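Chemist: Supplied in structure tokens, the structure appears directly below.
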Amino acid sequence: MISKFASSGGRVKPTKQLLQTNELLLLATVLLILNLAVGGAFASILVGLFSLAAFWGLLIIYGKKSQFLSAHHKILMRYGLSPSIFLWVFAIFWLEVFSAPAGAQFFTAAESWLLGVFPGAETVVPIVFNVLRALFILYVGISLVQVVQAARQDQDWQTLARTPLIIVVAVTVADVITQVITGGAAA
């Protein structure tokens with residue numbers, strides 16, 4: 001196997017498997033574009049196509065000078081356009097997913113219950129709950145960075161991960177109990 005690779009000059013000849021991979025990548029690309037189109041993300045599709053065209057233009061102009069573009073150029077020459085197009089559409093798809101507004105999961109029942117109980121507090125209650133959510137996210141994010149850093153330095157990361165995990169579980173249990181107490185709906 002190695003001698004065949006060496007005798008071919010280090011290049012892998014296209015095989016049936018490679019053609020099937022390209023066909024699957026093109027099918028996945030079409031399905032991602034269809035998903036973006038059905039979701040109403042026509043602007044994202046256009047931005048993706050224009051950015052892909054601009055990237056290919058940069059690849060043609062500066063392909064040999066830049067290390068990143070040179071590596072992409074090698075992949076493009078080896079496998080064709082399918083992986084490149086798929087990666088760009090995949091990136092646009094996930095940018096579209098992450099740019100959509102997220103519905104808050106923690107304490108939404110408590111917030112809606114408090115808004116129903118105190119109708120004059122439409123401005124204060126959302127601010128308080130959003131601050132609580134932001135503090136929770138910041139704590140979990142900082143703790144996650146500390147845990148990853150301890151794991152990279154071969155320290156005891158499990159003891160560092162225990163406290164944030166307990167807090168996440170406690171907040172989740174508190175949210176479930178709040179939904180049980182308030183009935184999960186506004187009063």
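Chemist: Which residue pairs have Cβ atoms closer than 7 Å, lie 6 or more positions apart in sequence or on different chains, and pair a first residue in segment 157-177 that is farther than 16 Å from Arg133 by Cα and in a helix (DSSP H, G or I) with a second residue that is modelled with pLDDT of 90 or more and not aliphatic (A, V, I, L, M)?
Modeler: From residues that are farther than 16 Å from Arg133 by Cα and in a helix (DSSP H, G or I), the pairs are Leu160/Gln146.
Chemist: Out of (1) at pLDDT below 70; (2) over 30 Å from Leu132 (Cβ atoms); (3) touching a helix residue (DSSP H, G or I) at 6+ places or on another chain (Cβ under 8 Å), the odd one out for Val89 is which?
Modeler: (1)
Chemist: OK, next. Among the residues of segment 71-81, are any in contact with a Leu (Cβ under 9 Å, 6 or more places away or on another chain), modelled with pLDDT under 70 and of a type in the set (Ser, Thr, Tyr)?
Modeler: So far as segment 71-81 goes, no, none of its residues is in contact with a Leu (Cβ under 9 Å, 6 or more places away or on another chain), modelled with pLDDT under 70 and of a type in the set (Ser, Thr, Tyr).
The values are calculated or read from the model by the stated rules, or taken from the named source; none is laboratory data. The structure displayed is predicted, hence computed values, not measured ones. Using ideal geometry, Cβ is built from the backbone for each residue, glycine included, and neighbour counts are taken over all protein chains shown.
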